[in-house]
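Take a look at the structure set out below.
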Amino acid sequence: MSRAYELSERPPALRQAGIRECTFDAAGLRMGQFEDPVLVRLRSLQPLASGRLAALALPLQVGEVGPVTLFNGEKMDALCLAPGEWLLVGPAGVACKRPRDLVERLQQELASDSTAVFDQSDGLAGLRVSGAAAPWLLGKLSCLDFARGPAAGPHCARTRMGDAAVTVHCHAVPGHAWVFDLYVDRSVAHCLWQLLTVSAPHAAELHADFGAFA
C-alpha cells in the first residue's frame, strides 16, 4: 500500500530515480534540485471580488506572481497559471510540515462547490536553474522567450521541455541572484534533468558567444 511521505522523509526525486550527480556548475550556468517545496494547487470558478477567496489577494493576470498570506498566517507565492487557477509555492522550511493539513484548512476556509484545493507536494519535483546562461538554456528547450529574465520581474509560465510539462517560476532568492525554478511531475524529473545537462554545454557556448541578456 502506498503512503504519502512527510516533507522530512520524502526522498528527492532525482535520488529516487537513481541519479547520483544532482548538481551542475559550468561557466554561467548552475543547476540542481532544491529541497522539495510545499505545493498546493487552487482552482475556482467563483468571482474573486467576493467571498473568502478575495481575502487571499491572489494575482489575476496569467503569468503573474504575488505573495499571499494564508488563513493560518503562512506566507507563500501564488503563481497564476490560468484564469481561476493558481499554484501556491512555499519553501520546505515553512511552519506547515504536513501539506495535507494545510490543504484541509484551505478546503474548510474556501468551502464552495466551485472551489477545489489539491496538495501536489508529493506529485511535483523542483529543479533550479540560475546563472547568466540560464535564459539561453530555457529558451533553447522551450517555445518561450526568456530573454528579459530578471528584467521582467517575478513571473511564471507553463511550457514543454522535451516530453515534460513544466511550470517555470522566475524570482529572486534572498542573498542570491534571480533563479528559474522548474516544477515537473516527479515521475519524469530525471528525464528533464538529463535533457538539461545534455543541453547545458551548448547554452554555455551561446552565452560565451553572444553574452548575457540585458
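May I ask you to list pairs of residues, at least six apart or on different chains, whose Cβ atoms are under 7 Å apart, with the first in the stretch 51-64 being β-branched (Val, Ile, Thr) and the second being in a loop (DSSP other than H, G, I, E, B)?
VAL62/PRO83
Go through (1) more than 17 Å from ALA133 (Cβ to Cβ); (2) more than 15 Å from the chain's Cα centre (by Cα); (3) among the small types (Gly, Ala, Ser) and name the single condition ALA164 misses.
(2)
Check off (1) assigned to a strand (DSSP E or B); (2) at pLDDT below 95; (3) buried (at least 19 other Cβ atoms within 10 Å of the Cβ) for ALA189 and give me the number that stays unchecked.
All conditions pass for ALA189, except number (1).
Among the residues of the stretch 22-45, write down those that are out of contact with any helix residue (DSSP H, G or I) (no Cβ under 6 Å at 6 or more places or on another chain) and modelled with pLDDT under 80.
GLU35, ASP36, PRO37
Quick one: how many residues across the stretch 28-46 are farther than 15 Å from VAL179 by Cα and surrounded by fewer than 14 Cβ atoms within 10 Å (Cβ to Cβ)?
1
The values are calculated or read from the model by the stated rules, or taken from the named source; none is laboratory data. Predicted model only: the values in this text are computed from it and were never measured. FYI the Cβ positions are ideal-geometry reconstructions off the backbone, even for glycines, and counts take in every protein chain you see.
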